[in-house]
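Q: Before I ask anything, let me first share the structure, which is written out below as structure tokens.
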Amino acid sequence: MKNQQKVEDLIDRRIQAKLGGGEKRIESQHKKGKLTARERIDLLLDEGSFEELDMFVTHRCNDFGIGDEKYMGDGVVTGHGTIDGRIVFVYAQDFTVFGGSLSETMALKICKVMDMAMKMGAPIIGINDSGGARIQEGVTSLAGYAEIFQRNIMASGVVPQISAIYGPCAGGAVYSPALTDFILMTEDNSYMFVTGPKVVKSVTGEDITTQDLGGADVHARKSGVSHFKVENEKEGTMLIRKLISYMPQNNLEEPPLTANDDPIDRLEDSLNSIIPDNPNMPYDMKDIIHSIVDNNEFLEVHRHYARNIIVGFARFNGAPTGIVANQPNFLAGVLDCDASRKAARFVRFCDAFNIPILTLVDVPGFLPGSGQEYAGIIIHGAKLMFAYGEATVPKVTVTIRKSYGGAHDVMSSKQLRGDFNYAWPTAEIAVMGAAGAIEVLEGKNISKINDENEKKEYIDKKVTEYKRKFANPYQAASYGYIDDVIEPRNTRFRVIRAFEALQTKKVVNPPRKHANIPL
Ligand code: HXC
């Protein structure tokens, strides 16, 4: 073959490789409303930035008659490119090749880009669309999965890892996404479960559809496995790009600063009257979040799960910040098992990647009852406490209204190394709410009063006394547990000032192999 022909041969091979499992299967993929692996990567990365690797890799299996059925690249497209000019490593499973099922060589390709991401200190993004283990390959496929899992574990807290689920993700295959920092799923086309509907039916007799068992809605709302539910792949891709914009490349870097045109001293007058006079009336904590962050932009994580707590990313004067806030609009903002786990995971992500944390508190306490106790609220609540207490990133807390009991301690209190703890004048920081406190303290006296009117009068008097003494921020401020009581409309400015003062914060936890967070 002449040299010119060799070049033409290369071009032909590339064209062939880019067809994956062939035009018919690409068509079938499109008919399902799904993009191909390469289309997905092109959409995700800056235009023209993708550099593909291992395009000529093929599988090595000769069993079940697939020895001659080889597709260049096998069932995954891998490489690197940029998002807003910053390098990321990617892999996208190619459903047109053996249903994207994982072969030994596919695992090697994925591991190669994961290793490179670690070496270069860059995020890794995996796009999942696969029928699971390549059945013809047996244990080498299982070993391949485990090689990937091990790398997910080693990369955790070192480089950000994001998983998009754009098709099937079942069996043990779910554990790679589960080990990553964020999972997003498309409605209708994606699903995740350890065992599918057929096995469920044969083992437990339960009749359930694929979507009801492991669709995007189920995982976004019920299990919390998925952090984001998106309508389609385009929306998912834009979301990944946005998410990445809040993160540093790795744990040794600071998150990227962006130019900010929102005045840092912008006063938000509406905040002075946002809290209802009746302490039992809800309001939307998201209104407060939106009004204090740069350009009202807030990227909420886990929007549909444990809605009594809000977590997500925003910027203050251009600096990425993680926000954790109780939501009085849902279950009165109480802390329960799910909310505690959700917030703990988010706090730990921020801490791992040097993202400062703002905590907005309005929490009536932990949710009482046998349901929560049996579900292990003790352990789950401890997770959140542990996460806050362990975190060494700058931590600013603003108590908006209620901050009662154990939940007060948990929500980034001064004693859990909160750096600046502010409160609005509407804050109520106490061991418990007034009604409950009076029941405990005055129970005996109340029971001695027979006349109902007299009883009510007595209780009201004691409740008022208790509220005067405790339902305010000043007792906590008198001990220095609250650094300042701030005017609500000036919250943005005070928060930005606080984070600016914390830019050089250095706190190091004691040396140890690793902590033993109550899992
Ligand atoms: C090899 C596979 C495959 C697999 C699909 N294909 N899954 N080949 N190994 N696991 C092939 C099909 O033969 C078909 O080939 C092509 O991919 C597309 O599959 P279809 O079935 O036509 O597609 P669809 O109707 O969309 O159904 C998709 C599917 C289904 C739901 C994923 O294919 C399916 O149930 N596959 C098997 C899933 C499974 O049981 N996997 C193993 C799980 S155990 P042609 O040539 O016709 O295009 C596991 C353990 C992992 O994963 C443990 C890790 C620790």
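Q: What full-extension length gain, to one decimal in nm, is calculated for E47 and L502 as 0.36 nm per residue of separation minus the Cα-Cα distance?
A: 160.1 nm
Q: What translational diffusion coefficient, in µm²/s and rounded to a whole number, does the Stokes-Einstein relation yield for the stretch 338-475 at 20 °C and a viscosity of 1.002 mPa s, taking the hydrodynamic radius as the Kirkwood radius over Cα pairs?
A: Value of D from the Cα-based Kirkwood radius: 130 µm²/s.
Q: With a point put 7 Å past each Cα toward its Cβ, work out how far Q475 is from V7 in nm, to one decimal.
A: 8.3 nm
Q: Please list 290-296, 333-339 highest first by mean number of surrounding beta-carbon atoms within 10 Å per residue.
A: Per-residue Cβ counts within 10 Å, averaged per peptide and sorted highest first, yield 333-339, 290-296.
Q: Separation between the N450 and S202 pseudo-spin-labels, each 7 Å from Cα along Cα→Cβ, expressed in nm?
A: Placing both labels 7 Å beyond Cα along the Cβ direction yields 7.4 nm.
Q: Another one. If you take all C-alpha pairs in the stretch 429-478, what percent of them are over 14 Å apart?
A: Cα-Cα pairs of the stretch 429-478 separated by over 14 Å account for 52 percent.
Q: Check the straight Cα-Cα distances from K455 and name the lysines below 21 Å, setting aside those fewer than 8 residues away within the same chain.
A: K444, K467
Q: Could I ask something else about it? Step through the table entries K119/K242; K109/K505; K201/K234; K414/K462; K222/K402; K395/K456, compare each Cα-Cα distance with 31 Å, and write down the pairs that go over it.
A: Beyond 31 Å between Cα atoms: K109/K505; K201/K234; K395/K456.
Q: Can you tell me the order of 171-177, 44-50 when each peptide is scored by its average per-residue count of other Cβ atoms within 10 angstrom, highest first?
A: Per-residue mean Cβ counts within 10 Å order the peptides as 171-177, 44-50.
Q: Also, I was wondering about something else. So if each residue of separation counts as 0.36 nm, and I subtract the Cα-Cα distance between R221 and N278, what length gain in nm does that give?
A: 17.5 nm
Q: Over the alpha-carbon set of the stretch 6-107, work out the extent along each principal axis and list the three values in angstrom, largest first.
A: Computed over the Cα atoms, the extents are 45, 37, 26 Å.
Q: Suppose we keep just the alpha-carbon trace of the stretch 69-176; what are its Rg and Dmax in angstrom?
A: For the stretch 69-176, the Cα radius of gyration and maximum Cα-Cα distance read 13.0, 40 Å.
Q: Something else: With a Cα-only, solvent-free Debye model of the chain, what are the log10 I(q)/I(0) values at q = 0.07 Å⁻¹?
A: -0.46
Q: Ok, one more. If the cut-off is a Cα-Cα distance under 15 Å, which aspartates and glutamates reach K513, setting aside same-chain residues fewer than 8 apart in sequence?
A: E390
Q: A further question follows. If neighbour count is taken as other Cβ atoms inside 10 Å, put L19, L367 in order from fewest to most.
A: L19, L367
Bear in mind these aren't lab numbers, they're just calculated from the coordinates by the rules spelled out. None of the values given here were measured: they were computed from a predicted structure. We place every Cβ from the backbone using ideal geometry, glycine too, and count neighbours over all the protein chains shown.
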